[in-house]
Amino acid sequence: MTVPEFGRFFLPGPTEVHPDILKAMQRPMIPHRGQQMVDLLKGLEAPLKQLCRTERNVLIGTCAATGFMEMAVRSGVRHRALCLAGGAFGERFAGIVAATGREVVRLEVALGRTVEPDMLRDALRRSDADAVTLVHSETSTGALAPLEELAHVVHEFDDVMLLVDAVTSMGGCPVETDEWDLDFVFTGSQKALALPPGLALGVASERMLENAKNIPERGAYLDVVAFHKAAANYQPTNTPALSQVYALEAQLSRIDAEGGVEARWRRHDEMRRVVEEWVCGPGGELGFTYLPREDRRSWTVSCLRVPEGVNGRQLVHAMKREGWTIGTGYGELRHSTIRIGHMGDHTPAGVRELLGALESVVP
Ligand SMILES: *Cc1c(COP(=O)(O)O)cnc(C)c1O
């Protein structure tokens with residue numbers, strides 16, 4: 001079996017990293033307090049703002065995305081958060097709110113479903129929360145929340161921070177940070193940006209920063225105020241993962257070469273449509289169905305129920321034997337679903353080939 005250099009690894013994170021990016025990481029270290037570092041960060045400023053659809057500073061942290069989830073909570077939640085959850089990452093967000101000594105009010109939906117605007121409005125009226133945590137693209141279920149509409153609802157209320165996990169959406173589908181007035185939005189390097197794991201990116205609104213200054217116990221390493229101050233001076237807070245920053249620089253050039261973030265969104269839109277068409281056709285005939293309903297499906301990860309009598313994990317192993325990596329279902333969905341991570345640098349043609357392979361391994 002010959003496996004090509006790129007295009008067989010469809011895990012919903014970490015995603016496959018292009019060989020050019022891996023090469024870009026093999027550069028020597030530089031002093032992180034010197035002019036070279038300043039120049040490197042200055043060079044990233046404009047493309048990062050374009051990627052994140054913002055005029056604000058984009059914060060770069062050396063941590064898993066969960067680190068910035070904790071930053072969102074420590075710097076964004078004063079006393080009580082309304083936590084939207086319909087899967088593992090929404091739960092994780094709520095768990096961090098509880099773990100940092102804040103009060104959690106849960107707004108839960110079934111796996112594969114999303115909280116809708118009216119539900120959110122009702123819950124906000126009743127909860128007296130000072131923040132909302134939500135996951136835009138819930139990677140464990142493949143559900144995509146109607147973020148723009150939800151953001152409008154949150155802004156009907158005074159002084160409620162909107163904290164958004166955009167880990168599998170930013171770079172893969174529209175996330176309008178400034179236009180939708182998101183107070184804090186973050187992602188990680190190893191999902192739609194198709195970089196090695198280890199970096200987190202985030203954007204904080206002016207309101208978020210002002211709010212944070214009134215929260216004394218927001219910690220040190222992940223303090224949004226300190227990050228913002230450093231970023232404004234093109235400085236890292238601490239010694240950053242330099243090799244990852246080199247990778248980020250290379251990926252931002254590749255995104256520019258593709259035609260910018262909008263071209264990237266279009267490619268992701270096509271990839272999810274390839275899966276939808278397949279489920280409407282041969283995949284559906286075999287018995288595959290979507291977990292989330294139409295219009296609520298992530299552009300970067302498709303979560304499919306497997307045919308009756310078929311075990312999802314066995315399907316994933318059978319694909320592995322053919323040289324393809326896809327994700328198993330998450331948690332209680334591990335036997336009944338599979339997840340295809342079509343994000344980052346994958347192509348519609350690659351997704352078609354993958355689905356062809358999937359057809360051939362169904363018993
Ligand atoms: C992967 C993922 C995370 C966690 O990312 P880490 O880098 O592992 O901390 C959080 N939220 C979502 C939606 C994810 O897909």
Item checked: For segment 27-33, 3J(HN,Hα) per residue [Karplus equation, 6.51 cos²θ - 1.76 cosθ + 1.60, θ = phi - 60°, Hz, x = Gly/Pro] -> 9, x, 6, 10, x, 7, 10
Check: Counting DSSP beta bridges with both partners in the chain, what percentage is antiparallel, nearest 5?
Finding: 50
Check: Which ³J(HN,Hα) values, rounded to whole Hz and listed in residue order, are derived for segment 281-288 from phi using the Karplus coefficients 6.51, -1.76 and 1.60 in 6.51 cos²θ - 1.76 cosθ + 1.60 with θ = phi - 60°, glycine and proline given as x?
Finding: x, x, x, x, 4, 6, x, 7
Next item on the list: Order these peptides, 298-307, 105-114, by their mean beta-carbon neighbour count within 10 angstrom, highest first.
Entry: 298-307, 105-114
Note to self: Given the whole protein assembly as supplied and a 1.4 Å probe, what does the accessible area of His335 come to in Å², nearest 10?
What the structure shows: 90
Item checked: Computed over the chain, the ratio Rg/Rh where both radii use C-alpha atoms and Rh is Kirkwood -> 0.97
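Suppose a student asked you for the relative contact order of segment 261-361, using Cα pairs under 8 Å spaced at least 6 residues apart; what percent would you report?
30
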Next item on the list: Just the ratio, please: alpha-carbon radius of gyration of segment 1-78 over 2.2 N^0.38 Å, N its number of residues.
Entry: 1.47
Notebook entry, point to check: When the accessible area of segment 261-361 is split by element with a 1.4 Å probe, what percent falls to carbon and sulfur?
Noted result: 44
Check: Dipole size in debye (nearest 20) for the chain around its Cα centre, Lys and Arg Cβ +1, Asp and Glu Cβ -1?
Finding: 1040
Margin query: Given contacts defined as C-alpha pairs under 8 Å and at least six residues apart, what's the relative contact order of the chain, whole-number percent?
Written below: 24
Next item on the list: Please report, as a whole percent, how much of the solvent-accessible surface of segment 19-256 comes from carbon and sulfur atoms (probe radius 1.4 Å).
Entry: 49
Notebook entry, point to check: Among Ala151, Ala81, Ala99, whose mean-square fluctuation peaks in a Gaussian network model of the chain (Cα, cutoff 10 Å)?
Noted result: Ala99
Checklist line | Residues of segment 261-361: accessible area per residue with a 1.4 Å probe, Å² | finding: 44
Next item on the list: Normalising by the residue count of segment 28-124, find the relative contact order in percent from Cα pairs under 8 Å and 6+ residues apart.
Entry: 19
Next item on the list: Treating cross-link reach as a plain straight distance, find the lysines whose alpha-carbon is under 29 Å from the alpha-carbon of Lys42, omitting any fewer than eight places away in the same chain.
Entry: Lys23, Lys191, Lys213, Lys229
Margin query: Which of Cys173, Cys63, Cys52 ends up with the largest GNM mean-square fluctuation for the chain, with Cα atoms connected below 10 Å?
Written below: Cys63
Note to self: How would segment 96-182 be classified by its alpha-carbon gyration tensor: rounded, prolate or oblate, with rounded meaning a/c under 1.5 and the a/b versus b/c comparison settling the rest?
What the structure shows: rounded
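In Å², and per residue, what accessible area does segment 104-166 have when probed at 1.4 Å with the other protein chains present?
Details: 2440 Å² over 63 residues.
With all protein chains present, segment 104-166 gives 39 Å² per residue.
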Checklist line | Computed over segment 201-322, Cα set: Rg, Dmax in Å | finding: 21.7, 58
Note to self: Taking a virtual spin label 7 Å from the Cα of Glu108 along the C-beta vector, which residues in segment 145-183 bring their backbone nitrogen under 20 Å of it?
What the structure shows: 145
Item checked: Phi-based couplings in Hz for segment 223-235 (Karplus 6.51, -1.76, 1.60; Gly and Pro marked x) -> 6, 5, 5, 5, 4, 5, 4, 5, 4, 5, 9, 6, 10
Notebook entry, point to check: So which residue, out of Arg272, Arg207, Arg321, gets the largest mean-square fluctuation from a GNM of the chain using Cα contacts under 10 Å as springs?
Noted result: Arg321
Item checked: Shape call, segment 261-361: gyration tensor on alpha carbons, a/c limit 1.5 -> prolate
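The values are calculated or read from the model by the stated rules, or taken from the named source; none is laboratory data. Everything quoted here is computed from the prediction, not taken from an experiment. Because the Cβ atoms are built from the backbone with ideal geometry, glycine has one as well, and the counts that use them run over all protein chains shown. Ligands, DNA and RNA are excluded from the accessible area calculation, which covers all protein heavy atoms including side chains. Shrake-Rupley method; radii C 1.70, N 1.55, O 1.52, S 1.80 Å.
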